[in-house]
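**Student:** Structure below; questions to follow.
Please treat every number below as a calculation from the coordinates, not as lab data. None of the values given here were measured: they were computed from a predicted structure. Neighbour counts run over all protein chains shown; Cβ positions are idealised from the backbone, glycine included.
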Amino acid sequence: MPGISVHVVDVSRGLPARGMRVEVTRIEADGARRRVGGGTVGDGGLLDDAALGRGDGVGAGLYEVELAVGDWFRAQGVDVGTPAFQESIVYRFGHAVPAEHVHLPIKLSPWGVSIWRGH
């Protein structure tokens, strides 16, 4: 099944990152940037964007996922300072086979992040 899904968990507190803002952008061959999806993380930790998950507008190419980490932690009452050590996390990845689904599990804390391609 084609598409891109994003799953975000705050491992410092053992909670899904419910309410975190996430944007997914495609980087065109000429360097132009085009938003292909985004929104907020839902109760279970998944980005709530059904069209992106189905693969609407997703093809082979370069993509970036941007997570509004600093704002989210502050909204949760976590003292991360201003600016936070991780104010925003931007992860660039390639998607070579459009018929395949790319799932990005993201585990984070105020001080670190781990991202990989899942299934």
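**Student:** What length, rounded to one decimal in nm, is gained on full extension from residue 114 through to residue 13, with 0.36 nm per residue of separation minus their alpha-carbon distance?
**Tutor:** Value of the extension gain: 34.8 nm.
**Student:** Here's a follow-up. State the extension gain, in nm to one decimal, for the chain segment bounded by residue 82 and residue 60, taking 0.36 nm per residue of separation less the distance between their alpha-carbons.
**Tutor:** 4.2 nm
**Student:** If N is the number of residues in the chain, what value comes out of its Cα radius of gyration divided by 2.2 N^0.38 Å?
**Tutor:** After normalising by residue count via 2.2 N^0.38 Å, the value is 1.04.
**Student:** Right, here's the next one. Counting alpha carbon pairs within less than 8 Å and at least 6 residues apart, what relative contact order, in whole percent, applies to the chain?
**Tutor:** The normalised contact order for the chain reaches 32 percent.
**Student:** If packing is taken as the average count of other Cβ atoms within 10 Å, what order do 10-17, 102-109, 79-86 fall into, highest mean first?
**Tutor:** 102-109, 10-17, 79-86
**Student:** May I ask you to sort 1, 20 by Cβ crowding, counting other Cβ atoms within 10 Å and putting the fewest first?
**Tutor:** 1, 20
**Student:** Sticking with this one: If you rank 91, 63 by fewest surrounding Cβ atoms within 10 Å, what's the result?
**Tutor:** 91, 63
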